Amino acid sequence: MEHLEIIGKYLTEESTSQENESLLSWINTSPENKNEFLETCAIWHATQIKKTSFDYTKAYNTFSQRIQETKTTETKVVELQPKTRSLWTKISIPVAAAMILAAGLLYLYRPTNELHTFANTTNSVETVKLPDGSVAYLNKSASLTVPSEFTSNTRPVSMNGEVYFEISKNKAKPFIISVGTASVTVKGTTFNVAYDKVKELCNVIVNTGTVVFAAQNNNRVTLTKTEKGTLDLKTNTVTESINDDLNFMSWKTGVLVFKNSSYKQVFNDVERHYGITINYPSDIDSKLALTATFDHQNLKSTLNVIELMFNVKIEKQNSIFVVRK
């Protein structure tokens with residue numbers, strides 16, 4: 001019953017900072033205490049008790065009356081558990097009212113930890129700063145769900161689409177990304193995650209540090225710099241390879257780099273970078289290759305260079321670009 005006494009003192013502004021800390025500690029000691037506290041808060045809010053001009057007896061009578069009214073009007077309220085109901089029979093009306101009001105005040109000022117979803121609906125990169133100082137860069141059509149604070153012993157987030165992460169180091173508190181039924185776990189590193197929900201494929205490419213990439217069945221790989229992990233969510237199969245994609249970050253950096261790249265690789269990377277579709281004949285000279293850098297070039301400038309280097313003509317037909325020899 002000590003916590004009830006502290007709540008009463010808190011109500012009358014007679015509690016010390018040490019007693020307030022003790023009360024909060026009691027609330028967080030066990031799930032039962034937390035449930036009792038939260039249920040009391042819900043009931044208190046239903047009564048609309050205010051701190052000013054507070055009358056203990058009147059407040060408790062109002063509280064009791066409101067409970068009866070909610071039963072007859074079918075208004076949705078949080079019902080007290082048997083253990084909590086029996087508590088009221090063991091304490092006096094003033095203390096009970098004090099407990100209700102104090103719990104409500106603590107509830108109002110408690111830290112919240114709501115989930116926030118960031119969705120990039122633009123054609124540019126969106127930057128999201130996370131509660132731990134980490135940074136996420138969202139490609140167009142990507143989304144990221146993050147709590148207001150990382151309060152547990154991990155740092156959990158979830159995502160769709162393509163996101164590049166720069167994770168602050170914290171070995172004691174792993175950063176865990178949920179991607180479909182898979183997870184990516186890191187303690188501080190930079191890497192790119194591309195999740196295709198339709199194809200049920202997920203790719204992770206590590207830029208720095210170490211990443212653990214795991215399927216739902218715990219099939220996992222550990223990836224380091226320049227390594228790539230590919231997960232087929234249909235089969236829960238994870239494979240590991242060396243990353244040979246020079247332009248996996250072009251959507252973020254705005255730079256396309258080709259080093260003796262085949263025409264197929266060039267067209268594929270240009271498609272992905274600019275979000276277009278290119279149809280090209282299969283009988284283009286396979287010996288043709290391109291070495292060039294396109295730094296924040298617009299689509300027209302890039303296609304003009306490709307036409308010149310591959311001796312082709314690229315025409316737009318409706319929403320598709322067609323390559324002609």
Scanning region 136-195 for residues that are charged (D, E, K, R) and closer than 24 Å to residue 114 by Cβ, the one surrounded by the most Cβ atoms within 10 Å (Cβ to Cβ) turns out to be 155
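Give, as residue ranges, the strands (runs of 3 or more DSSP E) completely inside region 245-325 that count at least 3 residues that are without any contact (Cβ under 8 Å) to a residue 40 or more places away in the chain. Quick ask: steps written out before the conclusion?
On the way: elements: 255-262, 277-279, 289-295, 313-317, 320-324.
Because the criterion is at least 3 residues that are without any contact (Cβ under 8 Å) to a residue 40 or more places away in the chain, the strands (runs of 3 or more DSSP E) in region 245-325 that meet it are 255-262, 289-295, 313-317.
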Query raised in the report: Quick check: anything in region 207-225 free of Cβ contacts under 8 Å to residues at least 24 places away in the same chain, part of a strand (DSSP E or B) and touching a Lys or Arg at 6+ places or on another chain (Cβ under 7 Å)?
Result: yes
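Quick check, is residue 233 out of contact with any Gly (no Cβ under 7 Å at 6 or more places or on another chain), of a type in the set (A, V, I, L, M) and either closer than 25 Å to residue 126 by Cα or modelled with pLDDT under 95 (or both)?
On the way: out of contact with any Gly (no Cβ under 7 Å at 6 or more places or on another chain): no; of a type in the set (A, V, I, L, M): yes; either closer than 25 Å to residue 126 by Cα or modelled with pLDDT under 95 (or both): yes.
Against the criterion (out of contact with any Gly (no Cβ under 7 Å at 6 or more places or on another chain), of a type in the set (A, V, I, L, M) and either closer than 25 Å to residue 126 by Cα or modelled with pLDDT under 95 (or both)), residue 233 does not qualify.
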query = Going by the structure shown, is residue 255 hydrophobic (A, V, I, L, M, F, W, C), under 20 Å from residue 156 (Cβ atoms) and either crowded, with 20+ Cβ neighbours inside 10 Å or in contact with a strand residue (DSSP E or B) (Cβ under 7 Å, 6 or more places away or on another chain) (or both)?
reply = no
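Looking only at region 120-136, count how many residues are hydrophobic (A, V, I, L, M, F, W, C) and either farther than 24 Å from residue 151 by Cβ or touching a residue at least 60 places away in the same chain (Cβ under 8 Å) (or both). Full working, then the answer.
Pass one, region 120-136, residues hydrophobic (A, V, I, L, M, F, W, C): 125, 128, 130, 135-136.
With either farther than 24 Å from residue 151 by Cβ or touching a residue at least 60 places away in the same chain (Cβ under 8 Å) (or both) added as a condition, the list becomes 125.
Residues meeting the conditions: 1.
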(Q) Looking for something touching a Pro at 6+ places or on another chain (Cβ under 6 Å) and assigned by TED's automatic domain parsing to the domain that holds residue 154 - is there at least one such residue anywhere in region 231-240? (A) no
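The values are calculated or read from the model by the stated rules, or taken from the named source; none is laboratory data. None of these values were measured; they are calculated from a predicted model. Heads up, the Cβs are rebuilt from the backbone with ideal geometry, glycines too, and the neighbour counts pull from every protein chain shown.
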